[in-house]
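Down below is the structure, laid out as C-alpha cells.
The values are calculated or read from the model by the stated rules, or taken from the named source; none is laboratory data. Treat the numbers as computed from the prediction; the structure is a model and nothing was measured. Virtual Cβ from ideal backbone geometry, glycine too; neighbours counted across all protein chains shown.
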C-alpha cells in the first residue's frame, strides 16, 4: 500500500462519534476517532472498517467502545487493520457449558490462578504459542505495545495459570462496563487455560458480567456455549452493556472462586 493509498484509508476515521478516555495517563497527542461501515468506506468487506499506521491508546479505547478491534499481520508488513465482523462470536455467561472433562479436573484443583500478576508475560506467551493451521502470529510488537498501554490504564487484564511456580497457561482481554473482550490465550499444560476460562466466566457472571466477545468463531470457545450473532445484535447488546458497571471487583471474585 502506497502512502497515498494509506492516507485515503485513514480518512475513514471521522470525529462524529467520540469516546474520550478521561485518564491522566493518556499521551498528550492521543485523539478520539469514529469508524464507518467497511463497504461504504470502499473496503472489500463490511467487516473491515479502517486502516491506520499505528495504534494510539485513545484510538484503541474508542474502537472497543464501538465494537471494533485491530487484527493484522505485522510480520507480513500489513498496516493496522480494524475489524467489526459479521457475524460476531459471543458467549453469554449464563449460557456457559462446562465439558465433563473440565468439571472432573476442576474438582482436583491441579492449578492456582492469579489476575493481572504478569500481563506482559501472558501477552508474550500468547504471541509465542503455536496454533494449528496458522503460520506465525498476529500478535506483533505494535499489538503488545498498545495492549500493554491499555493494561496500564486499567482496561486490559490478564489471567494466569500456575503449576507450582511455573506459568502454564493464561489469557488476556479488555474489560469495559459489563463486556469482556477476549483477545488471546495460551497453554503449556493440558487443560490449564480451560480450567481458568471456565472459572473466569463463572466469576464474570457473579459480578454482573453480561457478554464475552470472542470476535470470530473458534471450535475452542464454541464448546463452552459461545455462538454467532449478527453484528446488529452485537452492537445493540454492547451499547447497552457498556454502560453497566460490574457489581463487584472481578479480579477478587475470580481469585476467591478459583483458588
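Looking at (1) at pLDDT 90 or above; (2) touching a helix residue (DSSP H, G or I) at 6+ places or on another chain (Cβ under 6 Å), which is the only condition residue 83 fails?
In the conditions (1) at pLDDT 90 or above; (2) touching a helix residue (DSSP H, G or I) at 6+ places or on another chain (Cβ under 6 Å), residue 83 misses (2) alone.
Within the stretch 74-115, how many residues are closer than 28 Å to residue 162 by Cα, crowded, with 17+ Cβ neighbours inside 10 Å and under 20 Å from the mean Cα position of the chain (by Cα)?
Residues that pass the stated criteria total 8.
Answer yes if at least one residue in the stretch 150-166 is in a helix (DSSP H, G or I) and farther than 26 Å from residue 55 by Cβ, and no otherwise.
No, the stretch 150-166 contains no residue that is in a helix (DSSP H, G or I) and farther than 26 Å from residue 55 by Cβ.
Matching residues to (1) in contact with a helix residue (DSSP H, G or I) (Cβ under 8 Å, 6 or more places away or on another chain); (2) within 22 Å of residue 122 (Cα to Cα):
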| site | (1), (2) |
| --- | --- |
| 149 | yes, yes |
| 156 | yes, yes |
| 166 | no, yes |
| 169 | yes, yes |
| 173 | no, yes |
| 226 | no, no |
| 231 | no, no |
| 248 | yes, no |
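Any idea which residue in the stretch 148-177 is surrounded by the fewest Cβ atoms within 10 Å (Cβ to Cβ), counting only those that are touching a residue at least 60 places away in the same chain (Cβ under 8 Å) and in contact with a strand residue (DSSP E or B) (Cβ under 9 Å, 6 or more places away or on another chain)?
My answer is 154.
Is it true that residue 120 is surrounded by fewer than 21 Cβ atoms within 10 Å (Cβ to Cβ), farther than 28 Å from residue 97 by Cβ and over 14 Å from the mean Cα position of the chain (by Cα)?
The answer is yes for residue 120.
Taking the condition of being touching a strand residue (DSSP E or B) at 6+ places or on another chain (Cβ under 9 Å), without any contact (Cβ under 8 Å) to a residue 60 or more places away in the chain and over 30 Å from residue 240 (Cα atoms), how many residues in the stretch 59-77 meet it?
0
Across the stretch 177-217, what is the total count of residues that are at positive phi and either within 13 Å of the chain's Cα centre (by Cα) or not assigned by TED's automatic domain parsing to the domain that holds residue 93 (or both)?
1
Looking at the structure I just gave you, is residue 144 more than 24 Å from residue 227 (Cα to Cα), at pLDDT 95 or above and more than 12 Å from the chain's Cα centre (by Cα)?
yes
Evaluate the stretch 231-248: report whether one residue or more is touching a strand residue (DSSP E or B) at 6+ places or on another chain (Cβ under 9 Å) and closer than 22 Å to residue 185 by Cα.
No, the stretch 231-248 contains no residue that is touching a strand residue (DSSP E or B) at 6+ places or on another chain (Cβ under 9 Å) and closer than 22 Å to residue 185 by Cα.
Would you check if residue 228 is farther than 16 Å from residue 63 by Cα, over 14 Å from the mean Cα position of the chain (by Cα) and modelled with pLDDT of 95 or more?
yes
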